[in-house]
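See structure below.
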Amino acid sequence: MSSGIFQKILEKAEVVRESLSYDAVVIGGGIAGMEASLDLAEMGYRVLLVEKEPTIGGKMFLLSKVFPTLDCASCISTPKMAAVAHHPNIDLWTYSEVRSINIRERGDFEIEVLRKPRFVDESLCTGCGTCEEVCPVTVPKEFDYGLRGRRAAYIPFDTAVPKKAVIDIDHCIFCGQCGRKCPANAIDFTQRPRIYRVKTHAIIIATGCKLFQAERKEAYGYGKVPNVITAMQMERLLSPTRPFNSVLRPSDGKEPSSIGYILCVGSRDKTVGNPRCSQVCCMYSIKQAQLILGALPLADVTIYCMDIRAYGKGFEEFYQRAKAMGVRFVRGRVAKAEGLPDGNVKVTYEDIDEGKVKTAVHDLVVLSVGLLPNIDVLVTFNGKALSTDDVGFIRIDPTDPVKTNVEGVFAAGCVTGPKDISDTILEAAAAASRCAAFLREVMGDGRR
């Protein structure tokens with residue numbers, strides 16, 4: 001949304017003269033950032049958690065279930081979101097971006113944080129959703145990856161934290177309906193962005209990952225063939241907060257009877273600059289296949305893969321269970337996916353086991369996209385740059401997996417490399433522990 005009118009508004013941000021001080025600043029409000037913030041706060045440290053989206057929760061909240069236990073993803077993340085919002089030692093700044101990080105000396109950082117205007121007074125907004133109901137403008141909803149729409153005045157989702165409305169000023173037509181109907185008089189178009197200076201002793205970077213843009217693999221037709229979707233879109237179709245009441249293909253709302261998964265889209269692929277395995281694609285595809293068979297018992301699910309990397313605890317059993325449920329695994333790379341006049345998708349692939357080139361037709365094709373680094377925050381460092389690996393993930397010390405090359409700056413989660421949720425939470429706890437040890441060195445016992 002940072003384009004057009006909104007971008008011009010951000011360029012005129014007001015600088016707040018007074019500076020704020022925290023023991024630690026955590027950048028990123030996903031599962032890693034929340035876990036690290038809560039651990040530090042429980043130790044008595046004052047923490048500022050900065051998240052660029054209007055709500056915390058990250059990508060985990062958008063998932064259906066987690067593998068291999070098939071526990072509800074939102075049931076894990078929602079309590080942590082509430083705990084972060086209500087912890088007395090955590091200040092939560094959503095809809096905010098880190099603009100610069102100045103490294104002064106050991107344990108002394110100054111951060112500039114841009115707080116973007118919601119055009120809604122958070123102290124008055126009750127999250128009732130009236131502004132969303134009366135807004136006449138509909139645009140694609142980012143949190144559902146375009147599968148359904150949202151209003152220009154909207155609340156990201158029902159259990160957002162904080163549950164406060166946002167006005168998308170780039171799509172707003174300034175009809176005034178939201179302001180007239182809001183029972184709390186919370187709509188405020190006079191809000192302006194502000195830049196705050198924050199002093200801190202330590203930083204934890206937990207900005208997560210980006211998903212590979214499936215459009216870059218043109219042979220698979222994403223964005224051109226209507227019934228080729230990404231795995232994250234399938235997650236939304238399977239989620240309890242899904243846009244529809246069933247798994248439906250986008251072009252005509254039909255329940256698919258044959259679904260094909262193409263693995264390693266944007267991973268293990270030098271042609272797109274990412275030769276590395278994303279570690280989670282095999283298992284989340286198998287998870288989705290099992291959930292699809294639960295929702296559509298008569299459907300056929302085929303997974304096209306080079307191999308299956310079931311490396312974690314319980315992963316091999318999870319894989320074998322999918323095979324027993326009837327999921328078909330084909331070893332081979334898919335060359336292309338083409339749309340047919342009836343909306344179906346024809347895939348051409350090499351069957352490695354038989355050494356033949358074959359074709360198959362599916363109602364719906366899902367691209368299992370890989371994970372890429374989300375390191376926008378790295379360009380904000382002044383004084384000393386964080387080291388990254390050949391792909392772009394933050395380079396960490398192998399003997400201390402959360403420590404970066406800048407003393408006092410720690411990293412956790414997918415910002416250091418692809419990993420699943422269990423490993424992300426474990427790494428976030430480790431980052432909080434190492435951060436606390438560093439704070440004891442530079443602060444002594446001077447906790448606030």
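Taken together, the values in this text are just the output of simple stated rules run on the coordinates, not laboratory data. All values reported here derive from a predicted model rather than from experimental measurement. Glycine also receives a Cβ, built like all others from the backbone with ideal geometry; neighbour counts cover every protein chain displayed.
Between the residues A289, A299, L248, the greatest Cα displacement towards the positive end of the dipole of the stretch 212-370, with unit charges on the Cβ of Lys, Arg, Asp and Glu, is found for A289.
Please give every one of the lysines within straight-line cross-link reach of K384, meaning a C-alpha to C-alpha distance under 22 Å, and leave out same-chain neighbours fewer than 8 residues apart. Correct list for K384: K199, K403. With both labels modelled 7 Å from their Cα along Cα-to-Cβ, the K254 to C128 distance reads 4.5 nm. Can you tell me how the chain classifies by the Cα gyration tensor, rounded, prolate or oblate, using a/c under 1.5 as the rounded cut? Judged from the Cα gyration tensor, the chain comes out oblate (a/c at least 1.5, b/c at or above a/b). Full extension of the segment from V361 to N102, taken as 0.36 nm per residue of separation minus the current Cα-Cα distance, would add 87.7 nm. Principal-axis analysis of the Cα atoms of the chain puts helix 315-325 at an angle of about 40° to the longest axis. Beta bridges per DSSP, both residues in the chain: antiparallel share near 50 percent.
Computed FRET efficiency, Cβ-Cβ of R395 and R194, R0 45 Å: what is it to the nearest 0.05?
Values: r = 34 Å, r/R0 = 0.75.
The pair R395/R194 has a calculated efficiency of 0.85.
Apply 1/(1 + (r/R0)^6) to the Cβ-Cβ distance of M443 and L10, taking R0 = 25 Å, and write down the FRET efficiency to the nearest 0.05. Before the final figure, lay out each step's value.
Values: r = 34 Å, r/R0 = 1.36.
Once the sixth-power term is evaluated, E becomes 0.15.
The Cβ shell under 10 Å around Y222 holds other residues with a net charge of +1, Lys and Arg each +1, Asp and Glu each -1. As an equivalent ellipsoid, the stretch 306-448 spans semi-axes of 44, 19, 13 angstrom, where each value is the square root of five times an eigenvalue of the C-alpha gyration tensor, largest first. Sorting F119, F174 from the fewest to the most surrounding beta carbons within 10 angstrom yields F174, F119. Remark: the stretch 295-339 projects, on average over all directions, an area of 4.4 nm² (convex hull of Cα atoms).
Loop-located trypsin sites (Lys or Arg not before Pro) across the stretch 61-106 with a Cβ neighbour count of 16 or fewer within 10 Å are R106, with loop assigned by DSSP.
Taking 8 Å as the Cα distance limit and 6 or more residues as the minimum spacing, I'd like the relative contact order of the chain as a percentage.
On the way: 990 pairs, mean separation 86.5, N = 448.
It rounds to 19 percent for the chain.
What relative contact order, as a whole-number percentage, does the stretch 212-370 give when Cα pairs under 8 Å and 6 or more residues apart are counted? Can you show the working numbers first?
Values: 307 pairs, mean separation 51.2, N = 159.
Here the relative contact order equals 32 percent.
Computed over the stretch 1-106, the alpha-carbon pair-distance distribution with 10 angstrom bins reads 13, 37, 31, 16, 3, 0, each value a whole percent. Here the Karplus curve 6.51 cos²θ - 1.76 cosθ + 1.60, taken at θ = phi - 60°, turns the phi angles of the stretch 384-400 into couplings of 8, 7, 6, 7, 10, 7, 5, 8, x, 6, 4, 7, 10, 6, x, 7, 8 Hz, with x standing for Gly and Pro.
Here the stretch 133-175 is treated with +1 on each Lys and Arg Cβ and -1 on each Asp and Glu Cβ, and its dipole about the Cα centre works out to around 80 debye.
About the Cα centre, and with charges only on the beta carbon of Lys, Arg (+1) and Asp, Glu (-1), how big is the dipole of the stretch 212-370? Nearest 20 debye, please. Numbers along the way, then the final one.
Working: 22 positive and 17 negative charges, 79 e Å.
So the dipole magnitude of the stretch 212-370 works out to roughly 380 debye.
Charged neighbours of T348, selected by a Cβ distance under 12 Å, balance to +2 (K, R count +1; D, E count -1). A dipole drawn for the stretch 322-448 from +1 and -1 charges on Cβ atoms has a positive end, and of F438, L372, A335 the residue lying farthest that way is F438.
In a shell of Cβ-Cβ distance under 10 Å around T94, excluding T94 itself, what net charge do Lys and Arg (+1) and Asp and Glu (-1) give? Before the final figure, lay out the partial values.
Values: positive: K52, R115, K116, R118, K164; negative: E51, E53, E122.
Within the 10 Å Cβ shell, the charges total +2.
Only the Cβ atoms of Lys and Arg (+1) and of Asp and Glu (-1) were treated as charged; on that basis the dipole of the chain about its Cα centre amounts to roughly 460 debye. Kirkwood analysis of the Cα pair distances in the stretch 212-370 returns a hydrodynamic radius of 15.7 Å.
Residues C414, C277, C209 in ascending order of nearby Cβ atoms (within 10 Å, fewest first): C277, C209, C414. Annotation: cysteines of the chain without a disulfide-compatible partner (Cβ-Cβ under 4.7 angstrom) are C125, C128, C135, C172, C175, C182, C264, C277, C281, C282, C305, C435.
By how many degrees, between 0 and 90 and to the nearest 10, does the Cα long axis of helix 31-42 differ from the longest principal axis of the chain? Approximately 30 degrees, to the nearest ten.
Among S387, S278, which comes first, then next, by fewest other beta-carbon atoms within 10 Å? Present the calculation step by step, with values, prior to reporting the outcome.
Details: S387 13, S278 27.
With the fewest neighbours first, S387, S278 line up as S387, S278.
Computed from the C-beta positions of V272 and K346 and an R0 of 41 Å, the FRET efficiency is 0.95 to the nearest 0.05. Between T241 and K224, the contour length at 0.36 nm per residue exceeds the alpha carbon distance by 3.5 nm.
On average, how much area does the Cα convex hull of the stretch 258-332 cover when viewed from any direction, in nm²?
Numbers: hull surface 19.8 nm².
Value for the stretch 258-332: 4.9 nm².
Only helical runs count toward this figure. For the chain, summing -39,500 (n - 2.57) over DSSP H runs of n ≥ 4 and dividing by all residues gives -6500 deg cm²/dmol at 222 nm. Using alpha carbon centroids, what distance separates the stretch 106-144 and the stretch 55-103, in Å? Measuring centre to centre over Cα atoms gives 16 Å. In the P(r) worked out for the stretch 42-97, what percent of Cα pairs fall beyond 15 Å? Considering the stretch 42-97, 55 percent of its Cα-Cα pairs are separated by more than 15 Å. Under a 5 Å amide H cut-off, with hydrogens placed 1.01 Å from N, G146 pairs with K141 among residues at least 5 apart or on other chains. Identify, among P275, P398, G314, the residue whose Cα sits farthest towards the positive end of the charge dipole of the chain, taking +1 on the Cβ of Lys and Arg and -1 on the Cβ of Asp and Glu, with the dipole about the Cα centre. The Cα lying farthest towards the positive end belongs to P275.
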